[in-house]
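A short worksheet on the structure shown next.
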Amino acid sequence: MNRPYSLGHSPHGETAMALLQAALAAVEPGRAVHRYVRREGDRLTVANQDYDLAAIERVWVVGSGKAATAMAAALYTILGERLTGGLVVTKYGHADPRLATGPVEVVEGGHPLPDEAGLAGTQRLVQLLAQAQEHDLVFVVLSGGGSALLTLPAEGLSLADLQRTTDLLLRSGATIGELNAVRKHLSQVKGGELARRAGQAEVVGLILSDVVGDPLDTIASGPTAPDPTTFADAWSVLERYGLTGQVPGAVRARLQAGLRGEVPETPKPGAALFDRVQNVIVGSNRQAAEAAVETARGWGYHALLLSTFVEGEARQVARVAAALAKELVHYHRPVPRPACLVWGGETTVTVSGHGLGGRNQELALAAALAMDGLPDVLLIAVGTDGTDGPTDAAGAVATGETVARARAMGLDAAAYLADNNAYPFFDQLGDLLRTGPTGTNVNDLLFLLAG
């Protein structure tokens, strides 16, 4: 992991880096797969379900997401010669070198907006999946980023239609559940449709969750899970954010056709096709957060995991974080000092400015303003995938001295926040957290430390 953050800014800096490393190690995709998939000769066990490899003709692996190639590489290690072939689509720069040779092809594509490379990769993945037959076993590896990377527009839609709609929803502050409710109804592979395309083969979904609460239908838009959302839900999302007149005409037409019952719905809970599907959550934000807490205790901190269900506007969450920091400093609550509070989840940003940043950088900047002058506190807000928004940073570091340091450099923290411009603000301070691609993705983490 890169360490651009100057540990001299806070006595807690080294501890915070150790917490992040422990959290990421706990959800390393290969380790996560090996926890749930074991092989003894022809006996393959996935969680609590056994598969007889002697009765299975071919084994395939397909999937998408930032951690998909690491998950596929782990399966290759377990299955060896029994793995027939496969294809996974991942984000640029996230390919696992262990798949450079072997039967699994890797295609890199765009995220968070889908691109032509991801579309072409998904088309080839679907063609490969069409080979699956009744006595085959198909592993589907899914992780954060899977929605954008697994892209096959529904009939009548173009890639540009999906790009425009996705961009509008991302900028509106829509939650991941709302975004994916729309995506599922504009796709040929989301919302259970990928499982349907596996024909009569057995399907095992191995899922690294990047969604608060780990809902199977929302992670990567649920390609192997029943979809409880409807065309009406998708249309309601567009209405809620005032986007019905801004999305492309083809998108409006498809959703309206769905409302009229002229387009089939996605597969719903109880559909017979899911009788041959096993879905397993192999890693989550909870595991990462718990590892961070245990590590903090090992460093002598009184540590507490507050929640892994944190959602809402980044600036609002920042105010809560700052309030907790003040509680720690002034009243030594909710745990004695030295203290470490950990939480996880995924915030949103309603973009009104023209700057550059991400939700974690925005949260850190808002927290820095609210913690201005508070002694001996450090906050890190970080994306576990190593990417925060359209930047090369995973997040940022804030202390009670951040705003004063910025002021001494002629930087107006409030003005940068108003313009959604956290990236250059923290870059000039040297307080961006650049980890590079971590190979995993289980939402965001926030560490708050006080001496």
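Please treat every number below as a calculation from the coordinates, not as lab data. These figures come from a predicted structure and were not determined experimentally. We place every Cβ from the backbone using ideal geometry, glycine too, and count neighbours over all the protein chains shown.
When a/c reaches 1.5 or more, the comparison of a/b and b/c decides; with that in mind, is the stretch 298-451 rounded, prolate or oblate per its Cα gyration tensor? Judged from the Cα gyration tensor, the stretch 298-451 comes out oblate (a/c at least 1.5, b/c at or above a/b). Charges on Cβ only, +1 for Lys and Arg, -1 for Asp and Glu, centred on the Cα centroid of the chain; of P336, P226, T45, which one is farthest towards the dipole's positive end? Of the options given, the answer is P336. Name the shape class, rounded, prolate or oblate, that the alpha-carbon gyration tensor gives for the stretch 297-347, where a ≥ b ≥ c are the square roots of its eigenvalues, rounded holds for a/c under 1.5, and otherwise prolate holds if a/b is larger than b/c and oblate otherwise. Since a/c reaches 1.5 but b/c is at least a/b, the shape of the stretch 297-347 is classed as oblate. Considering only DSSP states other than H, G, I, E and B, which trypsin sites (Lys or Arg not before Pro) in the stretch 84-157 qualify as loop sites with at most 13 other Cβ atoms within 10 Å? Taking the stretch 84-157 and a limit of 13 other Cβ atoms within 10 Å, no loop trypsin sites (Lys or Arg not before Pro) are found.
With a simple spin-label model that places each label point 7 Å from the Cα along the Cα-to-Cβ direction, the separation between V320 and M409 comes to 3.0 nm. Peptides 173-179, 339-345, 147-153 ranked from most to least packed, by the mean per-residue count of other Cβ atoms within 10 Å: 147-153, 339-345, 173-179. Using the Stokes-Einstein relation with a Kirkwood hydrodynamic radius computed over Cα pairs, the translational diffusion coefficient of the stretch 10-143 at 4 °C and a viscosity of 1.567 mPa s comes to 81 µm²/s.
If you plug the beta carbon distance of Q246 and Q428 into 1/(1 + (r/R0)^6) with R0 = 25 Å, you get a FRET efficiency near 0.15. Of the peptides 74-82, 283-291, the ranking by mean beta-carbon count within 10 Å, highest at the top, reads 283-291, 74-82.
Which angle between 0 and 90 degrees, to the nearest 10, do you get for helix 285-298 versus the longest principal axis of the chain when only C-alpha atoms count? The angle comes out near 40 degrees. What is the stretch 208-367 by shape, rounded, prolate or oblate, if you read a ≥ b ≥ c off the alpha carbon gyration tensor as root eigenvalues and call it rounded for a/c under 1.5, prolate for a/b larger than b/c, and oblate otherwise? Oblate shape, in that a/c is at least 1.5 and b/c is the bigger or equal ratio. Helical runs (DSSP H, four residues minimum) scored at -39500 (n - 2.57) apiece and divided by the length of the chain put the mean residue ellipticity at 222 nm at -11000 deg cm²/dmol.
Exposure proxy for V237, V126, V88: other Cβ atoms within 10 Å of each Cβ, ordered fewest to most, give V126, V237, V88. When each of the peptides 442-449, 416-423 is scored by the mean number of other C-beta atoms lying within 10 Å of its residues, the order from highest to lowest reads 442-449, 416-423. In the chain, the longest principal axis of the Cα atoms and the axis of helix 314-331 are about 50 degrees apart. For the chain, the relative contact order is 17 percent, taking Cα pairs closer than 8 Å that sit 6 or more residues apart in sequence and dividing their mean separation by the residue count. Only Cα pairs under 8 Å and 6+ residues apart enter the sum, and on that basis the relative contact order of the stretch 107-171 stands at 43 percent. Rounded to the nearest 10 degrees, the inclination of helix 68-79 to the longest alpha-carbon principal axis of the chain is 60 degrees.
Considering only beta bridges that DSSP places wholly inside the chain, some 45 percent are antiparallel. Simple point charges give the picture: +1 on the Cβ of Lys and Arg, -1 on the Cβ of Asp and Glu, and for the chain a dipole about the Cα centre of about 320 debye.
Take every pair of alpha-carbon atoms less than 8 Å apart whose residues are at least six positions apart; their mean separation over the length of the stretch 309-429 yields a relative contact order of 28 percent. Across the options F274, L259, L170, the greatest Cα extent toward the positive end of the charge dipole of the stretch 141-295 (unit charges at beta carbon of Lys, Arg, Asp, Glu) belongs to L259. Say a paramagnetic label sat at a point 7 Å from the Cα of E265, along Cα to Cβ; which residues of the stretch 223-242 have their backbone N under 13 Å from it? Label zone hits: 226-234. If only the Cβ of Lys and Arg carry +1 and only the Cβ of Asp and Glu carry -1, the dipole of the stretch 322-451 around its Cα centre is close to 340 debye.
A simple spin-label model places pseudo-atoms 7 Å from Cα toward Cβ; at R297 and T101 they are separated by 4.5 nm. Residues whose amide H lies under 5 Å from that of G395, counting only those 5 or more places away or on a different chain, are G383, L433; hydrogens are built 1.01 Å from N in the peptide plane. For K190, the lysines whose Cα comes closer than 19 Å to its Cα, not counting residues fewer than 8 places off in the same chain, are K66, K91, K268. Each of N285, S307, A323 was placed along the dipole of the stretch 285-328 (beta-carbon charges, centred on the mean Cα), and the one lying farthest toward the positive end is A323. Charged side chains reduced to their Cβ positions (Lys and Arg at +1, Asp and Glu at -1) give the stretch 1-118 a dipole of some 320 debye around its Cα centre. Among V62, V251, the ranking by other beta carbons within 10 Å of each residue's beta carbon, starting with the fewest, stands as V251, V62.
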